[in-house]
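Visitor: Sharing a structure here in structure tokens format.
The values are calculated or read from the model by the stated rules, or taken from the named source; none is laboratory data. Everything numeric here is computed off the predicted structure, so don't read it as measured data. In this analysis, Cβ positions are derived from the backbone assuming ideal geometry, glycine residues included, and neighbour counts consider all displayed protein chains.
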Amino acid sequence: MNTSTSSPVLAVNLLDRTPADARQAVADWTRQRGLPAYRVNQIVRRLWRAPVASWSDATELPLALRAELEAAFPIPRLAVEVEQRSADGTRKYLWRLADAEAVESVLIPSGSRRTLCISSQAGCALRCAFCATGRMGFRRNLSAFEIAGQVRELVLRNPDDLPTNIVFMGMGEPLLNWPAVDAALTVLNAEDGFGIGARHITVSTVGILPGLAAFARRPEQFRLAISLHATTPEQRLALMPIEKKYDLEAVLAAAAAFRRRVTFEYVMIAGQNDRDADADRLAKLARRVGALVNILPLHPGGAPDLAPTSGERIRAFAARLRNQGIEATVRRSRGLDIDAACGQLRTRTEKAERAERMERGRRSS
Ligand code: SF4
């Protein structure tokens, strides 16, 4: 019996690793093949710094080496399913993943800044009342490659679109997917990765305490935003069921213990959290934690049963915070002519697909 058949070489997804791990894997691989050491830099550069859609595009490498790389380290992709462009320059992408799940990213240009809002999970288990993703429920965690891949795909389409800022405010709760988010943060920030400054990368969380503790241990200057949205436990519970598990008081204590400045995110919802008394309580909480407040208008269409606070009321609310010495910014609603609130595009695309399937079924019956 012939037992000499060689075992198949397993393909490795380098994009799912941190740049240092990927470099190590490439260095081992090139050494085994007796390739010169400079090939390592050439190969690693093509992962994130000057990404290629496939190794065949890395024309500085010999043809035979490109073919070997294709077999050993195939480059997985996210497929762009929808790209929407708003009149205000905001762009929204729906990415189709290998298992047919879909996630969204939003690119928001503003002067010389290009902020990309990225997703960390397909769907979300937390069911915040004002969020289209929450109503979808949880589908699965994204891998590190699928998170940082949202940046990679953008750069592949146009290198000038490399974001200057990243916010983890797309689909999902990043701190419920910490191992992948941890690795993706390294890819986004590392020199061998996308080289985006840590101060320009913000993780936004409802306050998952174990994840917050892990995030706080990272030595880089990554930013933390807490999705607060309410100033009393009762009010928060009505908007965010996570209050049952990680209550307001515990989240505030964790935010106060964070070594760097924290931002409170506060979505304004008519009649729910936009009164003067809410502003006064919010000012107190922000002072206690030393937090900035970022006020967000509720995106119309994000939650059909809730109404956005009027612009006038938002301005008065922000002024009341500032009069109490709190630094408060009001984020402009962007992409109102596209489905820019997180989860809306995927929901709408799925509805359209369902309608199309039903129509096809009706026609063929
Ligand atoms: S707001 Fe964030 S945490 Fe809440 S349901 Fe939506 S995606 Fe999940």
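Visitor: If the requirement is being among the aliphatic types (A, V, I, L, M), out of contact with any Pro (no Cβ under 9 Å at 6 or more places or on another chain) and away from the ligand (no atom under 16 Å from the Cβ), which of these qualifies: 144, 98, 71?
Guide: 71
Visitor: Just the residues that are over 18 Å from residue 289 (Cα atoms) and under 22 Å from the mean Cα position of the chain (by Cα), please, taken from segment 219-242. First the steps, then the outcome.
Guide: Residues of segment 219-242 over 18 Å from residue 289 (Cα atoms): 219-220, 234-235, 237-242.
Correct list: 219, 220, 239, 240, 241, 242.
Visitor: Looking at segment 168-182, is at least one residue at pLDDT below 95, outside any loop (DSSP other than H, G, I, E, B) and within 14 Å of the ligand (Cβ to nearest atom)?
Guide: No; the residues of segment 168-182 include none that is at pLDDT below 95, outside any loop (DSSP other than H, G, I, E, B) and within 14 Å of the ligand (Cβ to nearest atom).
Visitor: Got at least one residue in segment 137-149 being without any contact (Cβ under 8 Å) to a residue 60 or more places away in the chain, in the same structural domain as residue 331 (by TED's automatic domain parsing), surrounded by 18 or more Cβ atoms within 10 Å (Cβ to Cβ) and assigned to a loop (DSSP other than H, G, I, E, B)?
Guide: Among the residues of segment 137-149, at least one is without any contact (Cβ under 8 Å) to a residue 60 or more places away in the chain, in the same structural domain as residue 331 (by TED's automatic domain parsing), surrounded by 18 or more Cβ atoms within 10 Å (Cβ to Cβ) and assigned to a loop (DSSP other than H, G, I, E, B), which makes the answer yes.
Visitor: While we're here: Is there a residue in segment 77-90 that is under 16 Å from residue 11 (Cα atoms), over 21 Å from the mean Cα position of the chain (by Cα) and of a type outside the set (A, V, I, L, M, F, W, C)?
Guide: Taking every residue of segment 77-90 in turn, none turns out to be under 16 Å from residue 11 (Cα atoms), over 21 Å from the mean Cα position of the chain (by Cα) and of a type outside the set (A, V, I, L, M, F, W, C).
Visitor: While we're on this one: For the condition surrounded by fewer than 24 Cβ atoms within 10 Å (Cβ to Cβ), assigned by TED's automatic domain parsing to the domain that holds residue 299 and under 21 Å from residue 335 (Cα atoms), what is the one hit in 156, 162, 126?
Guide: 162
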